[in-house]
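J.: I am attaching a structure below and will ask some questions about it afterwards.
The values are calculated or read from the model by the stated rules, or taken from the named source; none is laboratory data. In this text the structure is predicted, and so the values were computed from the model without any measurement. All Cβ positions, even for glycine, are placed from backbone atoms using ideal geometry, and neighbour counts span all protein chains on display. These area figures cover heavy atoms from the full protein model, side chains too; ligands, DNA and RNA do not enter into them. Shrake-Rupley method; radii C 1.70, N 1.55, O 1.52, S 1.80 Å.
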Amino acid sequence: MNMRTRSATRHPGRTRDTVSSLLGVYLNDHLAGSTTGTERARHMVRSYRGTALAAAMGPIAAEIAEDRASLIGIMKRLDIPVRHYKVYAGRVAERVGRLKSNGRLVRRSPLSPLLELEMLRLGVEGKTAAWETLRELAATEERLDPQLLDDLRARARRQQSRLEELRGRQVGAAFLER
């Protein structure tokens, strides 16, 4: 009886072209998410201008945008074309997310920054996973720079930590301070 799991077995139909195609789908999906995160982070900096949250988000937003550019650079090195419809979908998704009901008609809810920070943190967790996946692939793909991927992964973890700290502060602002 074969004791190997399905994922551990060799897939005879999986050629280098198939793997490249799958990687293209994977990275374009992450690019769409990265576009959404970049737009959301920039929107937060504008929306909370003049507050401590905007000041803290400024550097994070800049790094998220740099990470998106890094992803595009990696895709170029791998000869993976950017699927512009996915980038567009990421932008649309972020804008549609602004329309959600927050229990207030005219002004922002105290929940808005908390929910936005939670969404960004989830996005950064996904980005971290993508860097880790690419780092594993760097063992067999010479066009991937292991050091760059290690640096991107470390920066994403720092972003997660900073976003979690900001999220914790917003819990107090949304629910405890009245």
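J.: Taking 0.36 nm per residue of sequence separation and subtracting the Cα-Cα distance, how much length would be gained by fully extending the chain between residue 154 and residue 137, in nm to one decimal? Walk me through the intermediate numbers first.
T.: Numbers: separation 17, 0.36 × 17 = 6.12 nm, distance 1.73 nm.
This chain segment gains 4.4 nm when fully extended.
J.: Taking the Cα centre of segment 27-77 as origin and charging only Cβ (+1 Lys, Arg; -1 Asp, Glu), how large is the dipole, in debye to the nearest 20? Mind showing how you got there, number by number?
T.: Details: 7 positive and 5 negative charges, 30 e Å.
Roughly 140 debye for segment 27-77.
J.: Ok, one more. Sum up the charges of everything whose Cβ sits under 14 Å from the Cβ of residue 138, counting Lys and Arg as +1 and Asp and Glu as -1, but leave residue 138 out.
T.: Details: positive: 77, 135, 143, 153; negative: 132, 136, 141, 142, 145, 150, 151.
Value of the local net charge: -3.
J.: Taking amide hydrogens as modeled 1.01 Å from N in the peptide plane, which residues meet the under 5 Å criterion relative to residue 82, leaving out close sequence neighbours?
T.: none
J.: Here's something else I'd like to know. Which FRET efficiency value, to the nearest 0.05, do you get for residue 79 and residue 175 by plugging their Cβ-Cβ distance into 1/(1 + (r/R0)^6) with R0 = 35 Å? Provide the component values of the computation, followed by the final result.
T.: On the way: r = 49 Å, r/R0 = 1.41.
About 0.10, to the nearest 0.05.
J.: Using a 7 Å offset from Cα along Cα-Cβ at residue 161, what residues in segment 50-66 end up with backbone N under 16 Å from the label point?
T.: So the set is 60.
J.: Report the charge-dipole magnitude of segment 118-178 in Debye, nearest 20, computed about the Cα centre from +1 at each Lys and Arg Cβ and -1 at each Asp and Glu Cβ. Each step should come with its number before you reach the end.
T.: Details: 12 positive and 12 negative charges, 79 e Å.
Here the size comes out at about 380 debye.
J.: With a 1.4 Å probe and every protein chain left in place, tell me how much accessible area residue 140 has, in Å² to the nearest 10.
T.: Roughly 110 Å² of residue 140 is accessible to a 1.4 Å probe.
J.: Give me the distance in nm between label points sitting 7 Å out from Cα along the Cα-to-Cβ direction at residue 25 and residue 72, one decimal.
T.: Here the modelled spin labels are 2.5 nm apart.
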